[in-house]
Ligand SMILES: [Zn+2]
């Protein structure tokens, strides 16, 4: 599932190629991707309109349009937003929506599993977009620092992995990057959040910034479906240290990497570097 670095990579790859191009046609092949709006209304409001900006919040992509509208996309499991410089290139099998520009190119939303969503809302009226207006802090913003993380963990007995996966606390982290960050900070995923010492919290917030930035620089992690806005694979899968490495040796100490279910998610960790809570 795409997490912050993958969604940010899609944003950065699409930004130079989709703005200020009048939308000439819209083909909707999978109508249920649209939330709270009919295909007819959706097309009507977008035809002749144009994307003015593309921003990201957590794992959501927000396309600013004319007429105070915003198109909000969530890729969920397997969604891909891919730019095609030539709209005549045959459609991929699982294409849900095509935005065709009058310049002969197109943006296509492809989705094998069909969980991805599109919302069309009035500017910043995110109440109807499930999860968007309750998002927590952006981990790469200046607002996310040691004192913010201290505030989030204080008096919370929840497991640190669960806290970091909670989108209302920190926006954009998912299973892969939480495992990588906890490994880097040498913190076991089942540690109660409130038990983390100040020195550990400092390592953790720095690990979060470092891992996310590094993953963005490497265009995200492609394990299966994820592609950039140009349809290319990311390369951070080659830099993963712990996620998916069950049976391999810890790159830091050489002990066998383990995995177990934590808050319902398969979690990878080094039993020597990341001590289990007592
Ligand atoms: Zn280790």
Next on the checklist: Against the definition (assigned to a loop (DSSP other than H, G, I, E, B) and more than 16 Å from the ligand (Cβ to nearest atom)), how does residue 228 come out, yes or no?
Outcome noted: yes
Checklist entry - With respect to residue 179, is the statement that it is farther than 22 Å from residue 14 by Cβ, without any contact (Cβ under 8 Å) to a residue 24 or more places away in the chain and within 16 Å of the ligand (Cβ to nearest atom) true? => result no
Checklist entry - Residue check: is residue 216 farther than 29 Å from residue 157 by Cβ, in contact (Cβ under 8 Å) with a residue 60 or more places away in the chain and buried (at least 18 other Cβ atoms within 10 Å of the Cβ)? => result yes
Item to check | Of residues in region 233-257 being in a loop (DSSP other than H, G, I, E, B), without any contact (Cβ under 8 Å) to a residue 24 or more places away in the chain and within 20 Å of the chain's Cα centre (by Cα), the one nearest to the ligand (Cβ to nearest atom) | outcome: 235
Next on the checklist: Looking at residue 54 and the list (1) under 24 Å from residue 133 (Cα atoms); (2) in a helix (DSSP H, G or I); (3) under 21 Å from the mean Cα position of the chain (by Cα), which single condition is not satisfied?
Outcome noted: (2)
Checklist entry - Out of (1) within 16 Å of the ligand (Cβ to nearest atom); (2) in contact with a helix residue (DSSP H, G or I) (Cβ under 7 Å, 6 or more places away or on another chain); (3) not in a loop (DSSP other than H, G, I, E, B), the odd one out for residue 201 is which? => result (1)
Checklist entry - Can you name every residue in region 245-278 that is touching a strand residue (DSSP E or B) at 6+ places or on another chain (Cβ under 8 Å) and at pLDDT below 95? => result 246, 247, 277
Next on the checklist: Could you check region 64-93 and list, in sequence order, the residues that are in contact (Cβ under 8 Å) with a residue 60 or more places away in the chain, in contact with a strand residue (DSSP E or B) (Cβ under 6 Å, 6 or more places away or on another chain) and not in a strand (DSSP E or B)?
Outcome noted: 78
Checklist entry - Restricting attention to region 137-147, which residues are surrounded by 12 or more Cβ atoms within 10 Å (Cβ to Cβ) and either touching a helix residue (DSSP H, G or I) at 6+ places or on another chain (Cβ under 8 Å) or without any contact (Cβ under 8 Å) to a residue 40 or more places away in the chain (or both)? => result 137, 139, 140, 144, 145, 146
Checklist entry - Which residue out of 151, 172 is more than 18 Å from residue 7 (Cα to Cα) and either within 21 Å of the chain's Cα centre (by Cα) or in a helix (DSSP H, G or I) (or both)? => result 151
Checklist entry - Looking at region 95-111, which of its residues are free of Cβ contacts under 8 Å to residues at least 24 places away in the same chain and assigned to a strand (DSSP E or B)? => result 106
Checklist entry - So, of the residues in region 258-278 that are part of a loop (DSSP other than H, G, I, E, B), within 15 Å of the ligand (Cβ to nearest atom) and touching a helix residue (DSSP H, G or I) at 6+ places or on another chain (Cβ under 9 Å), which turns out to be nearest to residue 161 (Cα to Cα)? => result 274
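The values are calculated or read from the model by the stated rules, or taken from the named source; none is laboratory data. Keep in mind that what you see is a predicted model, and the values were worked out from it rather than measured. Backbone-built Cβ (ideal geometry, glycine too); neighbour counts: all protein chains shown.
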